[in-house]
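Report on one structure; see the data block that follows.
The values are calculated or read from the model by the stated rules, or taken from the named source; none is laboratory data. Worth saying up front: this structure is predicted, and the values here are computed from it rather than measured. Neighbour counts run over all protein chains shown; Cβ positions are idealised from the backbone, glycine included. Please note that ligands, DNA and RNA were not included when accessible areas were found on the heavy atoms of the full protein model with its side chains. Shrake-Rupley method; radii C 1.70, N 1.55, O 1.52, S 1.80 Å.
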Amino acid sequence: MKSTAILLLAITGLLAACSTTRDGQMQTTPGNRTPVAYNTIVNCPVYDGMKKTSIVLAQTTAGNEVQVTDTINAYFVRVRLDKDGQTKVGYMDRRCFGERGNK
């Protein structure tokens with residue numbers, strides 16, 4: 001009976017330690033997530049997904065300014081742009097920005 005109680009006490013302690021670590025990791029402040037304005041260097045579509053076969057939400061032309069809100073992966077960035085009086089949020093190919101957009 002004593003060994004069962006000790007085992008349960010040890011398991012409870014381990015679970016408490018794991019949840020404390022997890023909660024501590026969740027409380028860390030994220031990095032600067034302010035959108036950064038970039039100008040496109042070529043004509044590029046803004047997609048509703050991260051595939052070239054996704055629906056095109058808007059078409060940008062060279063020199064258009066978009067706000068990069070997140071660098072999703074090696075190929076796409078999440079952007080926000082104003083087009084025809086509406087704000088569109090979608091994904092653009094990183095190559096639309098040249099060297100500066102590849103950070």
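Report whether or not Thr61 is farther than 15 Å from Val36 by Cα, in contact (Cβ under 8 Å) with a residue 12 or more places away in the chain and hydroxyl-bearing (Ser, Thr, Tyr). Yes.
In the range 43-51, is there at least one residue being open to solvent by less than 40 Å² (accessible area, probe 1.4 Å), part of a loop (DSSP other than H, G, I, E, B), modelled with pLDDT of 90 or more and within 12 Å of Asp93 (Cα to Cα)? Within the range 43-51 (the criterion being open to solvent by less than 40 Å² (accessible area, probe 1.4 Å), part of a loop (DSSP other than H, G, I, E, B), modelled with pLDDT of 90 or more and within 12 Å of Asp93 (Cα to Cα)), the answer is yes, since at least one residue qualifies.
For the range 76-86, the criterion of being closer than 16 Å to Ile41 by Cα, touching a helix residue (DSSP H, G or I) at 6+ places or on another chain (Cβ under 7 Å) and either modelled with pLDDT of 90 or more or small (Gly, Ala, Ser) (or both) is met by at least one residue. Close Cβ contacts (under 7 Å, 6 or more residues apart or on different chains) running from residues in the range 72-94 that are closer than 10 Å to Leu57 by Cα and aliphatic (A, V, I, L, M) to residues that are part of a strand (DSSP E or B) and open to solvent by 80 Å² or more (accessible area, probe 1.4 Å) comprise Val89/Arg80.
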